[in-house]
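Read the structure below first, then the notes.
The values are calculated or read from the model by the stated rules, or taken from the named source; none is laboratory data. Predicted model only: the values in this text are computed from it and were never measured. Backbone-built Cβ (ideal geometry, glycine too); neighbour counts: all protein chains shown.
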Amino acid sequence: MLHSAPSKPSASVHPLFVQEVLRNREIDPFEGRPQAVAVQGVSRLFHGRPVLDGVDLSIRPGEFVALLGASGSGKTTLLRILAGLDAPDSGEAWVPEARTVVFQEPRLIQTKKVWKNVVTGLSGRAAARHVAAEALAEVGLDHRADAWPATLSGGEAQRAALARALVRKPRLLLLDEPFAALDALTRLRMQRLIGALCQTHSPATLLVTHDVEEALLLADRVLVLRNGRIAYDKRITLERPRVASGQEFDALRSELLSELGVHEENPVPA
Ligand SMILES: Nc1ncnc2c1ncn2[C@@H]1O[C@H](COP(=O)(O)OP(=O)(O)OP(=O)(O)O)[C@@H](O)[C@H]1O
Ligand SMILES: [Mg+2]
């Protein structure tokens with residue numbers, strides 16, 4: 001049963017975590033249901049304080065999930081565990097082998113041209129220039145293939161980071177506030193681009209964001225992380241293409257803001 005199931009995050013530095021891997025390797029985490037991500041009872045402590053405290057979460061293949069929550073609520077911690085960059089203190093996290101992360105900052109290698117950045121870490125035919133060029137064309141950046149990262153604008157650099165993620169054909173795309181550092185107009189363009197790319201490539205996507213409208217424009221499901229757990233989980237059935245207006249959108253925005261402790265007559269959280 002496990003041959004088609006996602007694998008555990010590869011972080012193996014954590015003894016408890018390794019024990020969990022070995023003990024549960026015969027278990028089919030999906031119980032026959034197709035899932036791209038299965039998280040069960042994941043906890044993570046920092047200095048004795050539980051930041052994640054028994055998170056349960058599943059994401060279906062191709063599903064776009066937005067994760068909201070107050071600053072410091074543990075969103076990045078959860079994303080890092082799914083990426084394999086950190087390990088839980090207890091619990092289980094099953095993720096696909098093919099997964100990539102896009103962070104708030106593009107993290108390009110300054111000494112490599114843009115196209116080389118896109119295929120860096122790949123080998124053989126997967127690292128060919130035309131592979132990079134195709135991915136760059138998808139994000140509208142093929143004309144900057146030979147540029148040095150330092151000469152890119154913030155939006156261009158983030159598109160290069162997106163091309164680098166796409167070229168790996170992820171089954172799970174992890175996005176940690178990827179538009180947060182961009183100006184409002186570039187941010188809108190990037191939101192549309194991500195929406196279109198995810199429709200085309202259909203990876204399961206987890207987008208961490210502070211922007212309620214962004215979440216509602218893009219996601220099939222919106223989650224709120226609070227007190228170390230998924231405290232709110234809502235399927236968004238707004239028709240696509242979506243616009244940030246209309247009765248249903250406004251009602252959802254109010255509901256979400258109130259989940260986040262923001263009340264529109266008093267927009268500063270308590
Ligand atoms: N490596 C670490 N060592 C100690 N504490 C950590 C570590 N990583 C995260 N924390 C703490 O865990 C809490 C959650 O951090 P995390 O970065 O996951 O929050 P977040 O929800 O992503 O916040 P933000 O919205 O501000 O990005 C914070 O209080 C943070 O200080
Ligand atoms: Mg964060």
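Some points to look at:
- Counting the residues of the stretch 148-206 that are among the charged types (D, E, K, R), closer than 23 Å to ARG80 by Cα and at pLDDT 95 or above gives 4.
- Taking the criterion of being surrounded by fewer than 16 Cβ atoms within 10 Å (Cβ to Cβ) and part of a helix (DSSP H, G or I), the residues of the stretch 112-126 that qualify are GLY124, ARG125, ALA126.
- Residue in the stretch 47-70 that is nearest to ligand 2 (Cβ to nearest atom), counting only those that are of a type in the set (Gly, Ala, Ser) and closer than 12 Å to GLY228 by Cα: GLY69
- None of GLY48, GLY54, GLY72, GLY121 is in contact with a Lys or Arg (Cβ under 8 Å, 6 or more places away or on another chain) and either within 16 Å of ligand 1 (Cβ to nearest atom) or not assigned by TED's automatic domain parsing to the domain that holds ARG226 (or both) except GLY54.
- Pick from the stretch 67-125, criterion of a type in the set (Phe, Trp, Tyr) and in contact (Cβ under 8 Å) with a residue 40 or more places away in the chain, ranking: farthest from LEU217 (Cα to Cα): TRP94
- Residue in the stretch 69-83 that is assigned to a strand (DSSP E or B) and of a type in the set (S, T, N, Q) present: no
- Residue satisfying condition, being modelled with pLDDT under 95, assigned by TED's automatic domain parsing to the domain that holds GLU177 and either part of a strand (DSSP E or B) or within 12 Å of ligand 1 (Cβ to nearest atom) (or both), within set GLN40, GLN35: GLN40
- Checking GLY261, GLY228 one by one, the residue that is within 16 Å of ligand 1 (Cβ to nearest atom), in contact with an Asp or Glu (Cβ under 7 Å, 6 or more places away or on another chain) and not charged (D, E, K, R) is GLY228 and no other.
- Unmet requirement for PRO61, which otherwise passes all of (1) at pLDDT below 95; (2) within 18 Å of LEU223 (Cα to Cα); (3) not in a loop (DSSP other than H, G, I, E, B): (3)
- Sole residue being at pLDDT 90 or above and surrounded by fewer than 20 Cβ atoms within 10 Å (Cβ to Cβ), chosen from HIS47, HIS14: HIS47
- Figure legend. Inter-residue proximity from the stretch 174-201: first residues within 16 Å of ligand 2 (Cβ to nearest atom), second residues of a type in the set (S, T, N, Q) and part of a helix (DSSP H, G or I), beta-carbon distance below 6 Å, spacing 6+ or different chains. Indicated pairs: ASP176/THR76.
- Annotation note: of ALA157, ALA219, ALA161, the sole residue that is assigned by TED's automatic domain parsing to the domain that holds ASN117, away from ligand 1 (no atom under 16 Å from the Cβ) and out of contact with any Lys or Arg (no Cβ under 7 Å at 6 or more places or on another chain) is ALA157.
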